[in-house]
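The values are calculated or read from the model by the stated rules, or taken from the named source; none is laboratory data. Treat the numbers as computed from the prediction; the structure is a model and nothing was measured. FYI the Cβ positions are ideal-geometry reconstructions off the backbone, even for glycines, and counts take in every protein chain you see. Quick note on the areas: whole protein, heavy atoms, side chains included, nothing else; ligands and nucleic acids left out. Shrake-Rupley method; radii C 1.70, N 1.55, O 1.52, S 1.80 Å.
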Amino acid sequence: MAIRVVRAAAGAVRRACGPCSPSLGPRLLRLPPMAGNVEAPAPVGARPERDPKARGGARIWEETEQQAKKLRSASDAEQHRKLPKRKIVLLMGYSGKGYHGMQRNVGSSQFKTIEDDLVSALVRSGCIPENHGEDMRKMSFQRCARTDKGVSAAGQVVSLKVWLIDDILEKINGHLPPHIRILGLKRVTGGFNSKNKCDARTYLYMLPTFAFAHKDHDVQDESYRLSADTLRRVNALLACYKGTHNFHNFTSQKGPREASARRYILDMFCEEPFVREGMEFAVIKVKGQSFMTHQIRKMVGLVVAVIKGYAPESLLERSWGEAKVDVPKAPGLGLVLERVHFDKYNQRFGNDGLHEPLDWTQEEAGVAAFKEQHIYPTIISTERQERSMARWLGTLPVHDFDATAHAAAGLGAKAPSPLGDSD
């Protein structure tokens, strides 16, 4: 039947074309193939038409490749899920110059913080999934202290949950700049919170000793050297801070009757001075349960104002009263978080056979090396270049240290000397 249809079609074409196409007959045998026949070649010059089967094959290949990628991604995710995800603490050191503090400001790229670089390194090293970097609560992240703009740290501690990958410290540090280092890692209890479990914090404040030069008599430049008598007087004033006091004048937005303004200082003293690059420096250390914003810088600033002769010694004691006192704030450059303390946690869990005490004894050498390599040189070079302490000292004369004294005298109040007993 099919052969008769083909022959009838061929005869109709011959009659329509006439004798001028004698060779058309043989070509009519090359009609489009029936099902199962081989496809006829395309005419010369014609654009080849894409085979639907070929297009289907390309789609199948693309879908197969996508499925393979998904399988590889799922395999990696499955591999990570098999890794133990545990609560740990990281011991951090960093130079705060050029950063707007420790705490991350999610959604703000204008002000770079230490945690921005830390979270990026955690994600890139494979310790946490990317969505944990976007929402830090998912990894139970908590910092022990929220250092301010420009403030450095040699012993910051953060707690978080991570995948315990191989060579975790090396991989995290491999994605961090050299002025931010992870100096140690320890496993802790599942409910550990580095901020809430911290009993005390120790800060140091490094400053050039010409800050203690008297405004009328001593040389106010790099040639100044701190005398033993001046150092004793500095330490006598710093010791007055020990105990519990109302520090509402040493921060902002705190009223004199707010309970949170009362803070407990365990110790505060100035170490022996030392010379670096021709300039003499000293380090003030202060240990307290907790500190408010700018509190330590104002504690140092008020002592400097008294030693230099701008403020009376009695102002130190009056600053703990309810009256408003003008307390100068020393530059943030020299402030460093040196160590955080977990005494109660160590007593409860440090010797239970399952957890390590958080004392960082084995990491002390690394901490000291980091301070010598990244923190102290930055403070010294920045002070030389920007003269932040020298410029701040020039602002002390504009402070009104007598206003509170006159108000106290008008009320008949008698201010005890700060060199006497303190709480």
Whose amide H sits under 5 Å from the amide H of residue 264, counting only residues 5 or more places off or on another chain, with H placed in the peptide plane? 289, 290
Once phi is turned into ³J(HN,Hα) by the Karplus curve 6.51 cos²θ - 1.76 cosθ + 1.60 with θ = phi - 60°, what whole-Hz value does each residue of region 260-271 show in order, with x for glycine and proline? 5, 7, 7, 10, 9, 9, 7, 6, 7, 7, 10, 7
Straight distance only, please: which lysines reach the Cα of residue 215 with their own Cα at less than 16 Å, same-chain residues fewer than 8 apart left out? 308
From the phi angles alone, apply the Karplus equation (6.51, -1.76, 1.60; θ = phi - 60°) to region 93-100 and give each ³J(HN,Hα) in whole Hz, x where the residue is Gly or Pro. x, 7, 9, x, 5, x, 10, 9
For region 175-229, what does the accessible surface come to per residue with a 1.4 Å probe? Please give it in Å². 43
Using θ = phi - 60° and the Karplus form 6.51 cos²θ - 1.76 cosθ + 1.60, what ³J(HN,Hα) does each residue of region 318-323 get, whole Hz, x for Gly and Pro? 5, 5, 8, x, 7, 5
For region 247-310, which whole percent of the accessible surface, found with a 1.4 angstrom probe, sits on carbon and sulfur atoms? 44
Using a basic spin-label model with each label point 7 Å from the Cα along Cα→Cβ, how many nm lie between residue 217 and residue 272? 2.5
Spin-label model distance (nm) - residue 279 vs residue 166, 7 Å beyond Cα toward Cβ: 4.7
Taking 7 Å along the Cα-to-C-beta vector as the label spot, tell me the residue 368-residue 135 distance in nanometres, rounded to one decimal. 4.5
Given a 1.4 Å probe and the protein chains all in place, what does the accessible area of residue 167 round to, in Å² to the nearest 10? 100
Could you let me know the centre-to-centre spacing of region 192-250 and region 144-174, using Cα atoms, in angstrom? 28
Got a number for the accessible area of residue 181? Probe 1.4 Å, square angstrom, nearest 10. 60
Net +/- balance of residues flanking residue 224 in space, Cβ distance below 10 Å, scoring K and R +1, D and E -1: -3
Report, by chain and number, residues whose modeled amide H sits under 5 Å from the one on residue 112, excluding near sequence neighbours (fewer than 5 apart, same chain). 100
